[in-house]
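Asker: A single structure is presented below for examination.
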Amino acid sequence: MKLITAKVINQVKIAKDQFVLRLYCPDIVLAAKPGQFITLKIHEQPLLRRPFSIHYIDKEKGYLEIFYQVVGRTTKDLSNLSEDADVSLLGPLGNGFTLKENSKALLIGGGLGQAPLRFLATELKLLNTEVEVLLGARHEEGLKNLECFMDQTGNIHCATEDGSKGVKGFVTEVLPDIIKEFKPDIIYTCGPIPMLKAIKEIATKSQILCQISLEKTMACGIGVCLGCTCKSKNDEKYPKVCIDGPVFWAEGVDIDE
Amino acid sequence: MKLITAKVINQVKIAKDQFVLRLYCPDIVLAAKPGQFITLKIHEQPLLRRPFSIHYIDKEKGYLEIFYQVVGRTTKDLSNLSEDADVSLLGPLGNGFTLKENSKALLIGGGLGQAPLRFLATELKLLNTEVEVLLGARHEEGLKNLECFMDQTGNIHCATEDGSKGVKGFVTEVLPDIIKEFKPDIIYTCGPIPMLKAIKEIATKSQILCQISLEKTMACGIGVCLGCTCKSKNDEKYPKVCIDGPVFWAEGVDIDE
Amino acid sequence: MSKVNLSQTMMGINFENPVLTASGTYGFGTEYNEIIDVSKLGGIVSKGLTLESRKGNPGVRLKETPSGLLNCIGLENPGVEKFITDYLPKMIKLNTKIIANISGNTLDDYKLIAEKLDLNEINALEVNISCPNVKAGGMAFGTDAKMVEKVTNTVKSATSLPVIVKLSPNVTDITEMALAAESGGADGLALINTLLGMSVDINRQKPSLGNVFGGLSGPAIKPVALRMVWQVFQKVNIPIIGLGGISKWEDAVEFMLAGASLVMVGTSNFSNPLAPLEIIEGIEKYCEKNNLSSVSDLIGLAQKGE
Amino acid sequence: MSKVNLSQTMMGINFENPVLTASGTYGFGTEYNEIIDVSKLGGIVSKGLTLESRKGNPGVRLKETPSGLLNCIGLENPGVEKFITDYLPKMIKLNTKIIANISGNTLDDYKLIAEKLDLNEINALEVNISCPNVKAGGMAFGTDAKMVEKVTNTVKSATSLPVIVKLSPNVTDITEMALAAESGGADGLALINTLLGMSVDINRQKPSLGNVFGGLSGPAIKPVALRMVWQVFQKVNIPIIGLGGISKWEDAVEFMLAGASLVMVGTSNFSNPLAPLEIIEGIEKYCEKNNLSSVSDLIGLAQKGE
Ligand SMILES: Cc1cc2nc3c(=O)[nH]c(=O)nc-3n(C[C@H](O)[C@H](O)[C@H](O)COP(=O)(O)OP(=O)(O)OC[C@H]3O[C@@H](n4cnc5c(N)ncnc54)[C@H](O)[C@@H]3O)c2cc1C
Ligand SMILES: Cc1cc2nc3c(=O)[nH]c(=O)nc-3n(C[C@H](O)[C@H](O)[C@H](O)COP(=O)(O)OP(=O)(O)OC[C@H]3O[C@@H](n4cnc5c(N)ncnc54)[C@H](O)[C@@H]3O)c2cc1C
Ligand SMILES: Cc1cc2nc3c(=O)[nH]c(=O)nc-3n(C[C@H](O)[C@H](O)[C@H](O)COP(=O)(O)O)c2cc1C
Ligand SMILES: Cc1cc2nc3c(=O)[nH]c(=O)nc-3n(C[C@H](O)[C@H](O)[C@H](O)COP(=O)(O)O)c2cc1C
Ligand code: FES
Ligand code: FES
């Protein structure tokens, strides 16, 4: 874990309100694992740092990318950053995904839940694991970044709520079929709570290993404020999303709120 | 007085941390008088609007200019604005200078106190008043905008604390000589408190009319919060810089803090 | 046309919408009328009035803080007589509800000023027992439950107008003060006034404000104000006016869900004179989106099931 | 080398500089040691400890507000035994002053925990009588002067360590509580803990926090904290530790000029882990610029002549 001032290398607008930002931070990149995140801060306001998944890294060139959506003040300010701007970066944070080698992995992303999956897909491929990807969004506009998975897999499935791309409906509607055909050993997923809940259920029924990446409001990001709790079977302690997660084994966490 | 969203036309860097920003706001421009100011706001933070003197206007083209120095959050954000950016503008505010026609006016600006004098010089000239200008700054860097007075007068006197341009020292050191030579009917001045105090004294002794533009932290800018008080001979009421000023007759106001 | 009913009758007054502007932040309403159409407001509260005119505090009166504003105006005002002759007639023309905010150093002050303001043209009195910026009386009234009850009672007896008591947040238990005002006969409560704060000028090595202490307002205090509205709503049966840091419609909805029947916009008028109108619009849209036919359906909704 | 003496001996402890990190915002110090050299701090206050381990509050525990943060952690902690065996040894290695922050539901709790922590390795105890996030005890202790005195006295009798009492700001008169702690035997005072606040989630139409109320911290509360330090400095003879919204060295200097001997950085660690070190540096430069040879010259300087 390092705290550094990273320079913006560049920023690409992917779709309406969606950007991929490339930041130079070799020390963080060297230590990063898929599923981990960084927190960042630009201005004095808002008060708290903001967490973002590591979307992609290039160890040689020393940069990482985040894939983000403009939803509020920080993300708005982020989208206005240009080359050479300074960003305070803390990371890598969190536990990351458990990578299974020589196996078959299904990666499911809903909305911006796509963000951590690209880095994951890249690393899995290096471990000789076959990857398929299932992405969901409201509208095709939310799937414009799917090409980033092309190098890792030929098989990208899509679902949109309005049917503008791929199957019409939620990812969970096509999931059973994909499981039947692809027979994944493990599912990795990130996205909105209702989606995660549904996937957890399907994975449990199908007896497929499943890892879920959660989001939660964070203050410190490093386990000291004890603020980013979630629920689990463990009666003694509430797990902290920032250090016990953000990735959890599906059976180890209650996805309730 | 209007509240509008003005577009940035352009912005010119005059010197280190000093900029002239041109804003399109025909309704405000039409009503503006020299010595008046506007308040502006860009982002949610900081909380309060910030006051700036009207530096120059062009009624035909519908724009006004402010001349500002980067000292904190708002002015920093201002300096990052580019063409077409939106700024919330409220104005014109305050009373403005009392313009004397067919006479001789000496305009004295210290530091950013130069800002309101350009608009003033332009209007005075239209009233057939002869204008001389005396500008003071720490260093010649603070006098880079003096050319803006060229159309109104050939006579610009300068003083810098470090002697890098003009006379070495404060404007007050050269003032008696200029008074002797130019014999102004009226002095208009704006700048730091100690300078205003000294000028008031000299003007009083020399029995020259003198108007002073003051600055004070403001919340509303329109006379409702009663926060921007200064002191005066009047025992009944503290004058409000935003509506009773910012311009005061020298003898009418105590320049004390 | 919107299907949402924004109006409510409260304390016998029919407010066309639930958004008013707070005392001391809106002058007498005429100034802002140059910028926005103030007749669209639910109402205006006057600057705090005292029996005699007041000059206010000397020295620096304002200091901005993170998301907040410290002020020590010290109740500068023209006095009640001049208010009635010079300001009220203009306020009436604004065509919105008028609430007169009153302060005093003694119980007798409150009685006299209330009597003088017992006028048809005024819709209600708001009793300020909480101004932190005056030496005598002021806050002392607002931090002692017995005094709160007495002041309320005194004003009630001196007027036929509805009486709103504006509480000070600088107390251990706000519900105690609220209950005292209620038993004193208050028709409504306004909470909160400013939090007592200060700032130090590190250049001069002196307090930033002429009066040392000032009242803290603005978004910074919203969480405290909201908590107090919530607590008081659980205890009293009279309507609550919520204020403290409201700058967006979302803030106003928070206050109403917590138990406020009306809200007031104070400091945010300075940053954005359009705020009150934007808030009215936002509340209306929120109700529409949530299928609420009347704005009064919002009141205390978040308390249900707690 | 700087000519400014940053060190002070206070309550018998020699602090190398006046900047500590606040309870609950710095874990047990080891986490931040990965990012900054925590041995450079004046000291670290542990997360609030209780006799038995605590799970803390269910549901949402954090909500950001304008320039502030609401939290309702609910004193989650490993319990005093586990602290001594598992955490304290690691804290000692950090090579800075260690203050243990303690909480209890009953006087007996305070006594027992103080006894257990009467250890050479700990430099002082900080008694939290003001946590707003636990149902029993907690804040009730901090808002009643008699209880403040009793708790202080109880802890003092149970330990040979210096005792700092951390006061709640949610009271009408902070000086009353400060004087009570002083007469209970406190060696120092820490003020302030968080202001009681809340937030409403307008989407769910429920309180944002699992515990309904939370403690408000961060720059938003600085003016209130500063005012309390100022008021208390005028009344007590024991040293004051100032905290509440300190994020920049200027803030720390304000607190010291108002009367604080030491300061603590809390919430700002989250936004900027470098804050405490930047603040130490800033204080030093400020002293240099103002020709003050010792940081202790700052204490209460703005009160002179008031
Ligand atoms: C571990 C982790 C990884 C994340 N990775 C990504 C990512 O890769 N790309 C990405 O775009 N976003 C990601 N997020 C979410 C991201 O942190 C928020 O979008 C960001 O904090 C919003 O900041 P803001 O200041 O722009 O918006 P704000 O002004 O803070 O909020 C705007 C709106 O978004 C809501 N919001 C704020 N924070 C969150 C949150 N954490 N979860 C849900 N809603 C929130 C607010 O309630 C509000 O309605 C991640 C969050 C976590 C915890
Ligand atoms: C009537 C009037 C006209 C003005 N005209 C101009 C102008 O034409 N050009 C220009 O550059 N500035 C002008 N100012 C000053 C300008 O308003 C401030 O520089 C501005 O508010 C700073 O905002 P900020 O957010 O950048 O700085 P902040 O972060 O608010 O402050 C940075 C520093 O500047 C100090 N400061 C802030 N406001 C003032 C103030 N009003 N007076 C003195 N010190 C202050 C603060 O104490 C702090 O030390 C004028 C002020 C008034 C009242
Ligand atoms: C400059 C200023 C002057 C004020 N004057 C008064 C007053 O005269 N009477 C009063 O009851 N409240 C007064 N207040 C308090 C406000 O009415 C309001 O209660 C407080 O500011 C909190 O609301 P806000 O955060 O929306 O401003 C004043 C507030 C400010 C900022
Ligand atoms: C997440 C969090 C947890 C806290 N836990 C404790 C605690 O256990 N004991 C305590 O005395 N104070 C606790 N506090 C209060 C802080 O120590 C401090 O008094 C308060 O936050 C004000 O300072 P700040 O504005 O610098 O954060 C906590 C504060 C926060 C934000
Ligand atoms: S964000 Fe602080 S513990 Fe997770
Ligand atoms: S700034 Fe409000 S009265 Fe002048």
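The values are calculated or read from the model by the stated rules, or taken from the named source; none is laboratory data. Note that the coordinates shown come from a computational prediction; the quantities given were computed from them, not determined experimentally. Glycine gets a Cβ as well: all are built from the backbone with ideal geometry, and neighbour counts include every protein chain shown. These area figures cover heavy atoms from the full protein model, side chains too; ligands, DNA and RNA do not enter into them. Shrake-Rupley method; radii C 1.70, N 1.55, O 1.52, S 1.80 Å.
Asker: Being within 16 Å of ligand 1 (Cβ to nearest atom) and closer than 23 Å to C:THR9 by Cβ is the filter here, so list the residues in region C:232-256 that pass it.
Answerer: Of all residues in region C:232-256, those within 16 Å of ligand 1 (Cβ to nearest atom) come to C:247-251, C:253-254.
C:TRP249, C:VAL253 - these are the residues of region C:232-256 that are within 16 Å of ligand 1 (Cβ to nearest atom) and closer than 23 Å to C:THR9 by Cβ.
Asker: Just one of (1) modelled with pLDDT of 90 or more; (2) within 18 Å of the chain's Cα centre (by Cα); (3) surrounded by 17 or more Cβ atoms within 10 Å (Cβ to Cβ) trips up B:ILE255, so point out which.
Answerer: Every condition holds for B:ILE255 apart from (1).
Asker: For D:GLY104, are the conditions met, namely being farther than 24 Å from D:SER268 by Cα and assigned to a loop (DSSP other than H, G, I, E, B)? Reasoning before the result, please.
Answerer: Values: farther than 24 Å from D:SER268 by Cα: yes; assigned to a loop (DSSP other than H, G, I, E, B): yes.
Criteria met by D:GLY104.
Asker: Does region A:212-233 hold any residues that are in a loop (DSSP other than H, G, I, E, B), away from ligand 1 (no atom under 13 Å from the Cβ) and not small (Gly, Ala, Ser), and which are they?
Answerer: A:VAL224, A:CYS225, A:LEU226, A:LYS233
Asker: Restricting to region C:56-107, give me the number of residues that are among the charged types (D, E, K, R), free of Cβ contacts under 8 Å to residues at least 60 places away in the same chain and either in contact with a Ser or Thr (Cβ under 8 Å, 6 or more places away or on another chain) or closer than 25 Å to C:LYS40 by Cβ (or both). Before you say what the answer is, go through the steps one by one.
Answerer: Here is the first cut: in region C:56-107, the ones among the charged types (D, E, K, R) are C:61, C:63-64, C:76, C:81-82, C:86, C:90, C:93, C:97.
With free of Cβ contacts under 8 Å to residues at least 60 places away in the same chain added as a condition, the list becomes C:64, C:76, C:81-82, C:86, C:93.
Then keep just the ones that are either in contact with a Ser or Thr (Cβ under 8 Å, 6 or more places away or on another chain) or closer than 25 Å to C:LYS40 by Cβ (or both); that gives C:64, C:82, C:86, C:93.
So the answer is 4.
Asker: Sort through C:ILE279, C:ILE283 and tell me the only one that's touching a strand residue (DSSP E or B) at 6+ places or on another chain (Cβ under 6 Å) and open to solvent by less than 10 Å² (accessible area, probe 1.4 Å).
Answerer: On the way: C:ILE283 fails: touching a strand residue (DSSP E or B) at 6+ places or on another chain (Cβ under 6 Å).
Going through C:ILE279, C:ILE283 in turn, just one is touching a strand residue (DSSP E or B) at 6+ places or on another chain (Cβ under 6 Å) and open to solvent by less than 10 Å² (accessible area, probe 1.4 Å): C:ILE279.
Asker: Right, something else. I'd like the full set of residues that are hydrophobic (A, V, I, L, M, F, W, C) and more than 8 Å from every other protein chain (Cβ to nearest Cβ), limited to region D:256-278. Full working, then the answer.
Answerer: So in region D:256-278, the residues hydrophobic (A, V, I, L, M, F, W, C) come out as D:256-258, D:260, D:262-265, D:270, D:274-275, D:277.
D:MET256, D:ALA260, D:LEU262, D:VAL263, D:MET264, D:VAL265, D:ALA275, D:LEU277 - these are the residues of region D:256-278 that are hydrophobic (A, V, I, L, M, F, W, C) and more than 8 Å from every other protein chain (Cβ to nearest Cβ).
Asker: Of everything in region A:56-84 that's among the polar types (S, T, N, Q) and not in a strand (DSSP E or B), which residue is surrounded by the most Cβ atoms within 10 Å (Cβ to Cβ)? Walk me through how you get there before you give the answer.
Answerer: Of all residues in region A:56-84, those among the polar types (S, T, N, Q) come to A:69, A:74-75, A:79-80, A:82.
Restricting the remaining residues to those that are not in a strand (DSSP E or B) gives A:74-75, A:79-80, A:82.
Values: A:THR74: 20, A:THR75: 16, A:SER79: 16, A:ASN80: 11, A:SER82: 8.
So, considering only residues that are among the polar types (S, T, N, Q) and not in a strand (DSSP E or B), the one surrounded by the most Cβ atoms within 10 Å (Cβ to Cβ) is A:THR74.
Asker: Is it true that D:SER247 is away from chain C (no Cβ under 12 Å), closer than 29 Å to C:GLY210 by Cβ and modelled with pLDDT of 95 or more? Reasoning before the result, please.
Answerer: Numbers: away from chain C (no Cβ under 12 Å): no; closer than 29 Å to C:GLY210 by Cβ: yes; modelled with pLDDT of 95 or more: yes.
Judged against the criteria, D:SER247 is not a match.
Asker: Among the candidates A:GLY221, A:GLY166, A:GLY245, single out the residue that is of a type outside the set (Val, Ile, Thr), surrounded by 15 or more Cβ atoms within 10 Å (Cβ to Cβ) and within 11 Å of chain D (Cβ to nearest Cβ).
Answerer: The conditions single out A:GLY221.
Asker: Follow-up question, since we're still on this one. Just to be sure before I move on: is C:SER199 within 16 Å of ligand 2 (Cβ to nearest atom), within 30 Å of D:LYS304 (Cβ to Cβ), in contact with a strand residue (DSSP E or B) (Cβ under 9 Å, 6 or more places away or on another chain) and among the small types (Gly, Ala, Ser) in the structure I sent? Quick ask: steps written out before the conclusion?
Answerer: Details: within 16 Å of ligand 2 (Cβ to nearest atom): yes; within 30 Å of D:LYS304 (Cβ to Cβ): yes; in contact with a strand residue (DSSP E or B) (Cβ under 9 Å, 6 or more places away or on another chain): yes; among the small types (Gly, Ala, Ser): yes.
Here the answer is yes, as C:SER199 does meet what is asked.
Asker: Could you grab me the full set of residues in region A:177-206 that are hydroxyl-bearing (Ser, Thr, Tyr) and within 17 Å of A:THR129 (Cβ to Cβ)?
Answerer: First, the residues of region A:177-206 that are hydroxyl-bearing (Ser, Thr, Tyr): A:188-189, A:204, A:206.
Of everything in region A:177-206, those that are hydroxyl-bearing (Ser, Thr, Tyr) and within 17 Å of A:THR129 (Cβ to Cβ) turn out to be A:TYR188, A:THR189.
Asker: Of all residues in region C:43-59, which are more than 15 Å from the chain's Cα centre (by Cα) and more than 14 Å from chain D (Cβ to nearest Cβ)? Don't jump to the end; show me each part of the working.
Answerer: Start the filter on region C:43-59 by keeping residues that are more than 15 Å from the chain's Cα centre (by Cα), which leaves C:50-59.
C:THR50, C:LEU51, C:GLU52, C:SER53, C:ARG54, C:LYS55, C:GLY56, C:ASN57, C:PRO58, listed by residue number.
Asker: What about D:LEU226, is it crowded, with 24+ Cβ neighbours inside 10 Å, farther than 22 Å from D:ILE99 by Cα and touching a strand residue (DSSP E or B) at 6+ places or on another chain (Cβ under 9 Å)?
Answerer: Numbers: crowded, with 24+ Cβ neighbours inside 10 Å: yes; farther than 22 Å from D:ILE99 by Cα: yes; touching a strand residue (DSSP E or B) at 6+ places or on another chain (Cβ under 9 Å): yes.
Yes.
Asker: Now for a different question. Quick check on A:ARG73: is it touching a helix residue (DSSP H, G or I) at 6+ places or on another chain (Cβ under 7 Å), outside the structural domain of A:LYS197 (by the TED database) and within 27 Å of D:SER67 (Cα to Cα)?
Answerer: Working: touching a helix residue (DSSP H, G or I) at 6+ places or on another chain (Cβ under 7 Å): no; outside the structural domain of A:LYS197 (by the TED database): yes; within 27 Å of D:SER67 (Cα to Cα): yes.
No, not satisfied.
Asker: Where the second residue is among the aliphatic types (A, V, I, L, M) and the first is assigned to a helix (DSSP H, G or I) and lies in region A:200-211, which pairs have Cβ atoms under 7 Å and are six or more apart or on separate chains?
Answerer: Here the result reads A:LYS200/A:ILE212; A:LYS200/A:ALA250; A:LYS200/A:ILE255; A:ILE202/A:LEU175; A:ALA203/A:ILE187; A:ALA203/A:ALA250; A:THR204/A:ALA250, each pair linking region A:200-211 to a residue that is among the aliphatic types (A, V, I, L, M).
Asker: Sticking with this one: Please state which one of C:ILE84, C:ILE73, C:ILE113 is open to solvent by 20 Å² or more (accessible area, probe 1.4 Å), at pLDDT 95 or above and not acidic (Asp, Glu). Give the steps one after another, and end with the answer.
Answerer: On the way: C:ILE73 fails: open to solvent by 20 Å² or more (accessible area, probe 1.4 Å); C:ILE113 fails: open to solvent by 20 Å² or more (accessible area, probe 1.4 Å).
Only one candidate passes the filter, namely C:ILE84.
Asker: Continuing with this model, one more query. Just checking, which of D:PRO207, D:PRO219 is closer than 23 Å to C:PHE213 by Cα and either facing chain C (nearest Cβ under 9 Å) or more than 19 Å from the chain's Cα centre (by Cα) (or both)?
Answerer: D:PRO219
Asker: Could we say that C:ILE99 is more than 14 Å from chain D (Cβ to nearest Cβ), surrounded by fewer than 23 Cβ atoms within 10 Å (Cβ to Cβ) and within 16 Å of ligand 3 (Cβ to nearest atom) here? Walk me through how you get there before you give the answer.
Answerer: Values: more than 14 Å from chain D (Cβ to nearest Cβ): yes; surrounded by fewer than 23 Cβ atoms within 10 Å (Cβ to Cβ): no; within 16 Å of ligand 3 (Cβ to nearest atom): yes.
It is false that C:ILE99 is more than 14 Å from chain D (Cβ to nearest Cβ), surrounded by fewer than 23 Cβ atoms within 10 Å (Cβ to Cβ) and within 16 Å of ligand 3 (Cβ to nearest atom).
Asker: Pull up region D:12-27, narrow it to residues that are more than 14 Å from the chain's Cα centre (by Cα) and within 30 Å of D:GLY68 (Cβ to Cβ), then point me to the one that is surrounded by the most Cβ atoms within 10 Å (Cβ to Cβ). Don't jump to the end; show me each part of the working.
Answerer: At the first step, the residues of region D:12-27 found to be more than 14 Å from the chain's Cα centre (by Cα) are D:12-17.
Applying the additional criterion that residues be within 30 Å of D:GLY68 (Cβ to Cβ) yields D:15, D:17.
Details: D:PHE15: 22, D:ASN17: 25.
Going through the qualifying residues, I end up with D:ASN17.
The rows are residues; the columns are (1) open to solvent by 10 Å² or more (accessible area, probe 1.4 Å); (2) part of a strand (DSSP E or B); (3) not assigned by the TED database to the domain that holds A:LEU40.
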| residue | (1), (2), (3) |
| --- | --- |
| A:GLY109 | no, yes, yes |
| A:VAL133 | no, yes, yes |
| A:ASP151 | yes, no, yes |
| A:ASP162 | yes, no, yes |
| A:LEU175 | no, no, yes |
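Asker: Looking at (1) free of Cβ contacts under 8 Å to residues at least 24 places away in the same chain; (2) of a type outside the set (Val, Ile, Thr); (3) more than 16 Å from ligand 4 (Cβ to nearest atom); (4) within 14 Å of another protein chain (Cβ to nearest Cβ), which is the only condition A:GLU215 fails?
Answerer: With (1) free of Cβ contacts under 8 Å to residues at least 24 places away in the same chain; (2) of a type outside the set (Val, Ile, Thr); (3) more than 16 Å from ligand 4 (Cβ to nearest atom); (4) within 14 Å of another protein chain (Cβ to nearest Cβ) applied to A:GLU215, the lone miss is (1).
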